[in-house]
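Below is one structure. I have some questions about it.
The values are calculated or read from the model by the stated rules, or taken from the named source; none is laboratory data. These figures come from a predicted structure and were not determined experimentally. Ideal geometry is used to build each Cβ from the backbone, glycine not excepted, and the neighbour counts take in all protein chains shown. Note: accessible area is taken over every heavy atom of the protein model, side chains too, but ligands, DNA and RNA are not part of it. Shrake-Rupley method; radii C 1.70, N 1.55, O 1.52, S 1.80 Å.
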Amino acid sequence: MIWKHDFFRTEIALLQNEDIKHFTEWFLDSKMPLWFWESKASSSGKYHPDFTKSEGGLVKHCKAVAQMAYELSNNFSFDFPDDTIMRDYVVCASILHDCAKYGTGDKANHKYYSKHDLNGSILVSNSWEEFFHTSCPKEISDPILRHMGQWGTESPKTPIDFVVHLADYVTSRPMLDCPEIVKDYHEVYAELPFL
């Protein structure tokens, strides 16, 4: 059976921690708003590369952010005893960072864009609490809150925040091309009966 989270199978395979992996899959399958799966990465057509400007563009963008963040995190010292869990936080936050870009309901509403960083952080935090009955690690919710950098609610403060923000910024540049991400997306899209 194919699930929505299969769009992110390459990125989910980067996760080592089973709890974070299961949460990410569950969130994508049951909490990610329906509009997410069909939306372009940019409603205005600005600030994002061509491969993200068609249907499913936001999915492709989040895949690119997660892969870029993972690569950046491999060259970044987090000053924690276990860098593996820190990389898992980076990848999870990157996959989910735009989960509330156009609101948290199933119908896209562009009026929510200006606070999508805050709304996304709240949605992920509440979902984590629903899934685990514990508070969401700030290493997941804070990078989502701060992923927009100087254009958002809060600027990055921690190394994880900076990795997610930089990955989002770099993958939003118009000159970027990611043919492997597009190929990966279309392979899953062809198998899915619900989109």
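Under the rule of -39500 (n - 2.57) per DSSP H run of 4 or more residues, summed and divided by the residues of the chain, what mean residue ellipticity at 222 nm is obtained, to the nearest 500 deg cm²/dmol?
-16000 deg cm²/dmol
List the longest stretch of the chain that has no exposed loop site; here a site is one of the chymotrypsin sites (Phe, Trp or Tyr not before Pro) assigned by DSSP to anything other than H, G, I, E or B, with at most 16 other Cβ within 10 Å.
Counting only loop sites that pass the neighbour cut-off, the longest clear stretch is 48-193.
Relative contact order for the chain: what percent, with Cα pairs under 8 Å and sequence separation of 6 or more?
24 percent
Further question: What does the charge add up to near Asp50, with Lys and Arg as +1, Asp and Glu as -1, over the other residues with Cβ less than 11 Å from its Cβ?
+2
Report the semi-axes of the equivalent ellipsoid for segment 105-195 in whole Å, largest first, where each axis is √(5λ) for an eigenvalue λ of the Cα gyration tensor.
25, 20, 15
Could you compute the net charge surrounding Cys99? Neighbours are other residues with a C-beta less than 11 Å from the C-beta of Cys99; K and R count +1, D and E count -1.
Neighbourhood net charge equals 0.
Seen from all sides and averaged, what is the projected area of the convex hull of the Cα atoms in segment 103-153, in nm²?
For segment 103-153, averaging the hull's shadow over all directions gives 3.7 nm².
Which translational diffusion coefficient, to the nearest whole µm²/s, is obtained for segment 36-195 from the Stokes-Einstein equation, given a Kirkwood hydrodynamic radius over C-alpha pairs, 37 °C and 0.692 mPa s?
Answer from the Stokes-Einstein relation: 207 µm²/s.
Can you send over the carbon and sulfur percentage of the accessible area for the chain, probe radius 1.4 Å, protein chains only?
53 percent
Follow-up. For segment 16-30, take each phi angle, set θ = phi - 60°, evaluate the Karplus expression 6.51 cos²θ - 1.76 cosθ + 1.60, and give the result in whole Hz per residue in order, putting x for glycine and proline.
Those phi angles translate into 9, 7, 5, 5, 5, 4, 5, 5, 4, 4, 4, 4, 4, 7, 10 Hz.
Report the FRET efficiency, 1/(1 + (r/R0)^6), for His110 and Glu71, where r is their Cβ-Cβ distance and R0 is 25 Å, rounded to 0.05.
0.20
Now, a different point. Given the options His147, His110, His165, state which has the largest fluctuation in a GNM of the chain using a 10 Å cut-off (strictly under) for Cα springs.
His110
Based on the alpha-carbon gyration tensor of segment 25-105 and its eigenvalue square roots a ≥ b ≥ c, which shape applies: rounded if a/c is under 1.5, prolate if not and a/b is larger than b/c, or oblate?
Oblate is the answer for segment 25-105, as a/c is 1.5 or above yet b/c matches or exceeds a/b.
Oh, and also: So what does the Cα-only Debye profile of segment 64-139 read at q = 0.17, 0.28 Å⁻¹, as log10 I(q)/I(0), no solvent term?
So the normalised log intensities are -0.74, -1.20.
Which trypsin sites (Lys or Arg not before Pro) from segment 1-83 combine a DSSP loop assignment with at most 15 other Cβ atoms within 10 Å?
Taking segment 1-83 and a limit of 15 other Cβ atoms within 10 Å, the loop trypsin sites (Lys or Arg not before Pro) found are Lys46.
Based on Cβ point charges of +1 for Lys and Arg and -1 for Asp and Glu, what charge dipole magnitude is obtained for the chain about its Cα centre, in debye rounded to the nearest 20?
800 debye
If you don't mind, there's one more thing I want to ask. Could you point to the residue in Met175, Ala190, Phe7 farthest towards the positive end of the chain's charge dipole, with +1 and -1 charges on the Cβ of Lys/Arg and Asp/Glu respectively?
Toward the positive end, the furthest listed residue is Met175.
Any idea of the accessible area per residue across segment 87-195, 1.4 Å probe, to the nearest Å²?
48 Å²
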